[in-house]
Amino acid sequence: MVLPTLSLRIPFAAGLAGFALLAVLAQAVLGGAAALILAAALAWPAAGWLCRPPGRQREDEAPRQATAALEARVAERTASLAERSAELRRIYDRTPAAFHSCDNEGRLIEVSAEWLGFLGYRREEVLGRRPAEFMAPESAARWELARAALLRGEDEVQEVEYRMRRRDGALVEVLLRARADRDAAGRFRRSFAVLLDITARNRSEARLREAQKLEALGRIAGGVAHDFNNMLQVMNGALRLVESRPDDPARVRRYAGAALAAAERGADITRRMLAFARQDRLQSGPVAPAAVLEGLATLLHGALGPDIRLEVAAPPGLPPLRADRMQLDLVLFNLALNARDAMPGGGVLRLGVTPEEVAAEPGGAAGLPPGRYLRLTVGDTGAGMDAPTLARATEPFFTTKEVGQGTGLGLAMAHGFALQSGGALAIESAPGQGTRVSLWLPEAGPQEAGSPLAAAGPATGLGRPLRLLLVEDEAPLRQVMAAALREEGLVVTEAADAPAALRLLDTGLGCDVVLTDQAMPGMTGGALAAALARRRPGLPVALLSGHADPPPPELPPGVPVLLKPLGTAALAARLRQMVPEPGPGG
């Protein structure tokens, strides 16, 4: 065999030398043919590489260098990504804001340390879950609608109020603002959101609203007392006339009707004042604007005095608006009292409502977005305001009244209420020409009208009169209510307090429904309802109250609270509605 070049002889010889050395070592360990086979297997690859020409060796080295360079770039990129991830984590952990991000399925992929501290969770407890899982049911439904809007193509969810539940079960109120992140093709990738805790702010606003109510009620107290004195005078005089000649049926009917009409007017004023003073949670919903103005006119009747004429313009067939009814009543009430105070020498107070449609064009009404609105107006024929006063009219605590005559918050609260409700507020005024305040609120969708007390319920399917246990500690009231309900066809058993009612039921009294007063000594109506829920589950119970307070905490779920005063026919219908229909075998 002739070797072509010296460059091959040297490597080849080295390979043979390696083989010989490995053979000697293998012989010492294994011995025999096995040693020769092992030595050849180990030496052959090395000899094959060494026997390659130098050019071939350089060709093999290039891919290795490229691989090493690629690995170095990958390592550098990985380190850069790790550094960016660590920087992002530092931003999440160090920024004093509660924010999170969600993937395209709406699941949390990152949360800030502030978010975790605010809601009290650990990171591993929240990642992979939906934000809606940490919200109250009504808020969760609204968030899913907002997230769907982001998926459809909207860029941002503006600040919307939600109620979230902390790990300890406490509910907190937050403003949430979210923004979508999309790829170059416009496809949704993730969303970023920030939470702002407004629980304390809302509590402060609630206290301020209650202060405004007290101020407003104080401003009309004299007028309300005047109205009630007039009604008591009518009832007292009418009943004395009935008593003097009870044997004259026509006379009795005439004066009894006058007394009844005065009593119903007093009941209407009381109902409206209780609704006005009620401390319900703010909640937007459909509101009939004509009913709002009618209620306002009732409250203002005695407060305006003889020198101010009230005019109300509400065309029939108006669609409902969307707002919080309690807050709307307070805003309009304050605006009306401001108008009254602007006319110390008398004048005309005008309340009105008209539907308006705002077109999609710049400079629309009060800067409103396009849509359908209801415009409520409160106008007066008073002295009016000059330009500097008008410019500051909606500033908090700004007032032109004497010290102690007002807080200066009425117009500021009205302006804030309009914006929060998706509407707007505008003031038109000039010296000597009076003032008109316009409040635009969005139109609500069609809603079914009617209330549970307005619709007369059908007679029960029991095949017999309804059996009622009436629990009331005030004897005159209990006796009159029982007599009136018996006139409506009910079989009424009376109990003077809650323990007496429980004794009657324990001794086998047949009863279909219980109507109990709330404020009773010893054991309240709410406590009685709770006891009956344990001892007589399934027995319908209704609570009757003359206060505007929230339902008592001990009241079982589903127990209706009926506010006094209440018409007898409406009350009887409501009680019949509470009794379930008997089954096929009943």
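The values are calculated or read from the model by the stated rules, or taken from the named source; none is laboratory data. Computed from a predicted model, the values in this text were never measured in an experiment. Please note: Cβ atoms are built from the backbone with ideal geometry, for glycine as well, and neighbour counts cover all protein chains shown. We work out accessible area using only protein heavy atoms, side chains counted, and drop any ligands, DNA or RNA first. Shrake-Rupley method; radii C 1.70, N 1.55, O 1.52, S 1.80 Å.
Descriptive notes on the structure:
- Residue that is farthest from residue 434 (Cα to Cα), among those in segment 294-307 that are surrounded by fewer than 20 Cβ atoms within 10 Å (Cβ to Cβ) and touching a strand residue (DSSP E or B) at 6+ places or on another chain (Cβ under 9 Å): 294
- Of everything listed in (1) over 19 Å from residue 435 (Cα atoms); (2) open to solvent by 30 Å² or more (accessible area, probe 1.4 Å); (3) modelled with pLDDT of 85 or more; (4) in contact with a Leu (Cβ under 9 Å, 6 or more places away or on another chain), the single unmet condition for residue 323 is (2).
- Flag if residue 490 is surrounded by fewer than 20 Cβ atoms within 10 Å (Cβ to Cβ), at negative phi and hydrophobic (A, V, I, L, M, F, W, C): no
- Number of the exception - residue 563 against (1) surrounded by fewer than 17 Cβ atoms within 10 Å (Cβ to Cβ); (2) closer than 19 Å to residue 525 by Cβ; (3) at pLDDT below 80: (1)
- The condition (being loosely packed, with under 13 Cβ neighbours inside 10 Å, out of contact with any Leu (no Cβ under 7 Å at 6 or more places or on another chain), at pLDDT 85 or above and of a type outside the set (Ser, Thr, Tyr)) is satisfied by just one residue among 475, 484: 475.
- Condition check for residue 526: at positive phi and either surrounded by fewer than 18 Cβ atoms within 10 Å (Cβ to Cβ) or assigned to a helix (DSSP H, G or I) (or both): no
- Filtered by the rule that a residue be more than 42 Å from the chain's Cα centre (by Cα) and part of a helix (DSSP H, G or I), segment 487-523 gives 487, 503, 504, 506.
- Criterion (over 24 Å from residue 568 (Cα atoms), part of a helix (DSSP H, G or I) and under 49 Å from the mean Cα position of the chain (by Cα)) met by exactly one of 234, 224: 224
- Scanning segment 505-517 for residues that are surrounded by 18 or more Cβ atoms within 10 Å (Cβ to Cβ) and in contact with a strand residue (DSSP E or B) (Cβ under 6 Å, 6 or more places away or on another chain) yields 511, 512, 513, 514, 515, 516, 517.
- For segment 192-209, the candidate set comprises residues that are open to solvent by less than 50 Å² (accessible area, probe 1.4 Å) and assigned to a helix (DSSP H, G or I); within that set, the residue that is modelled with the lowest pLDDT is 209.
- Hey, residue 153 at positive phi, at pLDDT below 90 and surrounded by fewer than 15 Cβ atoms within 10 Å (Cβ to Cβ) or not: yes
- Selection from segment 157-178 of residues that are surrounded by 14 or more Cβ atoms within 10 Å (Cβ to Cβ) and more than 20 Å from residue 202 (Cα to Cα): 157, 178
- Screening segment 268-304 for residues that are β-branched (Val, Ile, Thr) and either closer than 17 Å to residue 442 by Cβ or at pLDDT 80 or above (or both) and picking the one that is nearest to the chain's Cα centre (by Cα) gives 287.
- Some residue of segment 542-557 being part of a helix (DSSP H, G or I) and open to solvent by less than 30 Å² (accessible area, probe 1.4 Å): no
- Residue 265 meets all of the listed conditions (1) under 18 Å from residue 232 (Cα atoms); (2) modelled with pLDDT under 85; (3) surrounded by fewer than 16 Cβ atoms within 10 Å (Cβ to Cβ); (4) not hydrophobic (A, V, I, L, M, F, W, C) but one, namely (3).
- Pair list, Cβ < 6 Å and 6+ apart or interchain, from segment 103-122 residues that are at positive phi to residues that are part of a helix (DSSP H, G or I): 106/147
- Among residues of segment 114-147 being open to solvent by 20 Å² or more (accessible area, probe 1.4 Å) and not in a helix (DSSP H, G or I), the one that is nearest to residue 177 (Cα to Cα) is 130.
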